[in-house]
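Asks: Mind looking over this structure? Questions follow.
Just so it is clear, none of the values below were taken in a lab; they were calculated from the coordinates. Predicted model, so just to flag it, every value in this text is computed and none were measured. In this analysis, Cβ positions are derived from the backbone assuming ideal geometry, glycine residues included, and neighbour counts consider all displayed protein chains.
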Amino acid sequence: MLRTTPKINKIYLLIRAKDKEAAFDRLTSEIMESKLFKCLKEMHGESYESIIRSKLVPIVGNIHEPNLGMDRIIAHQIAHEIDLIVDCAANTTFDLRYDLALEANVNGPYQLMLFAKKCKNLKLLIHFSTAYASGQREGLIYEKPFTMGGSITKEKVTSHSPSTKFPSLIAANELDFVSKLKNAIENNCFEQIMKDLGDERAKLYGWHDTYSFTKAMGEMVIDSMREGIPIVIIRPSTITSTYEQPFSGWVQGFRVIDPAIVFYGKGDFPGVLGDPNCLVDVVPVDVVVNATMAAIAKHGHLQIPELNVYHVASSSVNPLSSSQLMNYCYEFFHSFPFVNSKGDQVKVKNMKYFDNMSDFSNYISKKLLKQPDDVQELNEVEHSKMQIRFKRKVEYLKNFSKVYEPYAFYKGWFHNGNMRKLMEDMSEEERKNFDIDLSKINWRNYFLGIHILGVKEHVLKGRS
Ligand SMILES: NC(=O)c1ccc[n+]([C@@H]2O[C@H](COP(=O)([O-])OP(=O)(O)OC[C@H]3O[C@@H](n4cnc5c(N)ncnc54)[C@H](OP(=O)(O)O)[C@@H]3O)[C@@H](O)[C@H]2O)c1
């Protein structure tokens, strides 16, 4: 925003921090000093800091508290000033405790909507959800909003037999249910019960996990409270490094496909529990940002009190299969291998696919626990330490594979007609400056020439 729309007046950034100084420090270290901002630094030279500080204002807050946890006077001032809200706060852990996921992903949007209603000049509210909020839907998945009471299981049940009744999913009831349980459960088993509960409720209503389930409920809350507020829900699939803006390969965090890519390159991920033909839906982060900017321009101008959903996803316009992705990783690490602690290059082999957990865990246990070359040189103590390390690795991989199993066998792909309409509405110059055309990306070139290098530079920071 700061780079491409320099006329922007001010952006208030809600930051979790213990006080103003801590929020200021987070703004400095996590944003202003980030490599992502190097182009802005070059653009503004010595005035970079003063320009950015005049536009980016850190505000201490917490999305799931009343007034978003902001100081009352500041909240009042902000409510009178702002014309746009962009909400990307969420807890993104897939197998999170149900109470915590509800707090961030359901109560967060609830508090946000209460605050949005106080903002008299608000023209648009943008909320980030996820394409996987569509849960266990299969085939071509449309950009359809969720409404309170609905669920994926209900859709399935009623499509098979329209007269069958299935309980309505009501976010307030889930919050109420968990809050009552919290008082009834004894401390020592609370965490595990909450983790299992999220998983059970998600599966009952037709989602794969607590994260996607609570994100879908967050959408329902927004829809049920929106009244006259124009809403855009952005549903990205799996976000990866920048394709080209402001430069290629920038990425933050180490999640979802990146641990799999890196562990594979290091020889620690020799097999995968998944379908080689399953589509891996990825979208570079600059495309997500550009689509959001284009949606802000369009719907902020129209100001129609409706809710529009955008799938910012590639699977229907430029599909990439799991085996293609792993082949690109093989090509990359075959040419540019990691070097292990002994200074030897790690030789990667083609990824082996498994369709059940038992075969998968037998295979990785056999591959990782047996390292004959290493074992011969070790004494008894070193040998047992190594076995413990390998066992931990195997447990980690089994857990990782269990969490991502539904996505490694995913049977859906995302329609993005609204994205295409958005692109058609843009002028040629806008299309150039805010490129959202996912169909033109050559995934082989992207993974070999941009993404894996980006992860190595910005996430591993040169460490192997
Ligand atoms: N990354 C993806 O592949 C992907 C894909 C689809 C959709 N999305 C959606 O995109 C959005 C951003 O995702 P991300 O990948 O950037 O996630 P992330 O790295 O986990 O960041 C989430 C942000 O939300 C903040 N947050 C969490 N709880 C909060 C609270 N109670 N009050 C205020 N801030 C809070 C976190 O603050 P702290 O820094 O203080 O922890 C963090 O900055 C989310 O809504 C996510 O569901 C992401």
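Asks: Kirkwood hydrodynamic radius, computed over distinct alpha-carbon pairs, for the chain: how many Å, to one decimal?
Replies: Hydrodynamic radius (Kirkwood, Cα pairs) of the chain is 24.2 Å.
Asks: Could I ask something else about it? Which whole-number percent is the relative contact order of the chain (Cα, under 8 Å, 6+ apart)?
Replies: RCO, the chain: 18 percent.
Asks: Quickly work out the CYS39-to-ILE388 label distance, labels modelled 7 Å from Cα along the C-beta direction, and quote it in nm with one decimal.
Replies: In this crude label model, ILE388 to CYS39 measures out at 4.9 nm.
Asks: On to the next question. Using the Karplus curve 6.51 cos²θ - 1.76 cosθ + 1.60 with θ = phi - 60°, work out ³J(HN,Hα) for each residue of the stretch 309-314 in order, rounded to whole Hz, and write x for Gly and Pro.
Replies: Each residue's phi maps through the Karplus curve to give 10, 10, 7, 9, 8, 9 Hz.
Asks: When only C-alpha pairs under 8 Å and at least 6 residues apart count, what is the relative contact order of the stretch 156-228, in percent?
Replies: Rounded, it is 21 percent for the stretch 156-228.
Asks: According to the square roots a ≥ b ≥ c of the eigenvalues of the Cα gyration tensor, what is the shape class of the stretch 98-191, taking rounded for a/c under 1.5, prolate for a/b larger than b/c otherwise, and oblate for the remainder?
Replies: Oblate, because a/c is 1.5 or more while a/b does not exceed b/c.
Asks: Could you state the number of Å between the C-alpha centres of the stretch 1-57 and the stretch 76-123?
Replies: Value for the Cα centre distance between the two parts: 21 Å.
Asks: Based on the Kirkwood radius over alpha-carbon pairs, what is the Stokes-Einstein translational diffusion coefficient of the stretch 70-123 at 10 °C with 1.306 mPa s viscosity, in µm²/s?
Replies: It diffuses with D of about 128 µm²/s by this estimate.
Asks: Could I ask something else about it? Starting from the alpha-carbon convex hull of the stretch 256-414, give the projected area averaged over all orientations, in nm².
Replies: 12.2
Asks: Follow-up. Name the long-range amide H neighbours of VAL86: under 5 Å, sequence gap of 5 or more, or other chain; modelled H, no Pro or chain starts.
Replies: Counting only residues 5 or more places away or on other chains, the set is ILE126.
Asks: So if I take the centroid of the Cα atoms in the stretch 320-372 and the same for the stretch 378-400, what is the distance between those two points in Å?
Replies: Here the answer is 17 Å between Cα centres.
Asks: Using only DSSP helix segments of four residues or longer, with each worth -39500 (n - 2.57), what per-residue ellipticity at 222 nm results for the chain after dividing by its residue count and rounding to 500?
Replies: It lands at -14000 deg cm²/dmol.
Asks: For the chain, take the longest principal axis of its alpha carbons; what is the angle in degrees between that and the long axis of helix 171-184, to the nearest 10 within 0 to 90?
Replies: Taking Cα atoms only, the helix is inclined about 60 degrees.
Asks: Got a sec to turn the phi values of the stretch 109-119 into Karplus ³J(HN,Hα) couplings, 6.51 cos²θ - 1.76 cosθ + 1.60 with θ = phi - 60°, whole Hz, x for Gly and Pro?
Replies: Coupling constants for the stretch 109-119: x, 4, 5, 4, 5, 4, 5, 4, 5, 8, 8 Hz.
Asks: At q = 0.09, 0.10, 0.21 Å⁻¹, what base-10 log of I(q)/I(0) does the Debye formula yield for the stretch 17-169 when every alpha carbon is treated as an equal point scatterer in vacuo?
Replies: Here the Debye-derived log intensity ratios amount to -0.45, -0.54, -1.40.
Asks: Let me ask something additional. Please give the FRET efficiency for TYR142 paired with LYS118, using the beta carbon to beta carbon distance and R0 = 35 Å, rounded to the nearest 0.05.
Replies: For R0 = 35 Å, the calculated efficiency reads 0.60.
Asks: Could you state the number of Å between the C-alpha centres of the stretch 136-175 and the stretch 224-253?
Replies: One Cα centre to the other: 25 Å.
Asks: Work out, in µm²/s and without decimals, the Stokes-Einstein translational diffusion coefficient of the stretch 297-350 at 4 °C, 1.567 mPa s, Rh from Kirkwood over C-alpha pairs.
Replies: 84
Asks: For GLU30 and ARG255 in one chain, what is 0.36 nm times their gap in residues minus the Cα-Cα distance, to one decimal in nm?
Replies: 79.2 nm
Asks: What ranking of MET220, MET225 emerges when the number of other C-beta atoms within 10 Å of each C-beta is taken as an exposure proxy, fewest first?
Replies: MET225, MET220
Asks: Let me ask you something else. Report the extension gain between PHE263 and LYS352 in nm, rounded to one decimal, defined as 0.36 nm multiplied by the number of residues separating them, less their alpha carbon distance.
Replies: That pair, PHE263 and LYS352, stretches by 30.6 nm at full extension.
Asks: Let me ask something else. Could you give the dipole magnitude of the stretch 330-464 about its Cα centre, charging the beta-carbon of Lys and Arg +1 and that of Asp and Glu -1, in debye to the nearest 20?
Replies: That gives a dipole near 520 debye.
Asks: Okay, next question. Inverting the mean 1/r over all pairs of different Cα atoms, compute the Kirkwood radius of the stretch 221-287 and quote it in Å.
Replies: 15.0
Asks: Related question: Would you list which lysines come within 23 Å of LYS203, measuring only between C-alpha atoms, while excluding same-chain residues fewer than 8 positions from it?
Replies: Cross-link targets: LYS144, LYS154, LYS156, LYS165, LYS180, LYS182, LYS195, LYS215, LYS398, LYS402, LYS411.
Asks: Turning to a different aspect of this structure: What angle do you read, to the nearest 10 degrees and between 0 and 90, between the alpha-carbon axis of helix 210-225 and the longest principal axis of the chain?
Replies: Helix 210-225 and the main axis of the chain meet at about 10 degrees.
Asks: Also: Considering only the chain, what is the antiparallel percent among its DSSP beta bridges, to the nearest 5?
Replies: Approximately 10 percent, going by the DSSP bridge assignments.
Asks: If you don't mind, another one. Amide H of PHE414 versus every other amide H placed in the peptide plane: which residues, excluding those fewer than 5 positions away on the same chain, fall under 5 Å?
Replies: ILE141, SER315, SER316
Asks: Under the definition of Cα pairs under 8 Å and six or more residues apart, what whole-number percent is the relative contact order of the stretch 36-134?
Replies: 33
Asks: Spelling out what I want: for every residue of the stretch 78-95, take phi, set θ = phi - 60°, compute 6.51 cos²θ - 1.76 cosθ + 1.60 (Karplus), and round to whole Hz; glycine and proline get x.
Replies: Here the 3J(HN,Hα) series is 5, 4, 8, 9, 7, 10, 9, 10, 10, 10, 10, 6, 6, 9, 9, 6, 5, 10 Hz.
Asks: While we're looking at this one, here's another question. ASN416: net charge of surrounding residues, Cβ under 10 Å, Lys/Arg +1, Asp/Glu -1, itself excluded?
Replies: That sum, taken over residues with Cβ under 10 Å, equals +2.
Asks: Ranking TYR363, TYR310, TYR110 by Cβ neighbours within 10 Å, fewest first, what do you get?
Replies: Ranked by crowding around the Cβ, least crowded first: TYR363, TYR110, TYR310.
Asks: Using the number of other C-beta atoms within 10 angstrom as an exposure proxy, rank ILE185, ILE388, ILE233 with the fewest first.
Replies: Ranked by crowding around the Cβ, least crowded first: ILE388, ILE185, ILE233.
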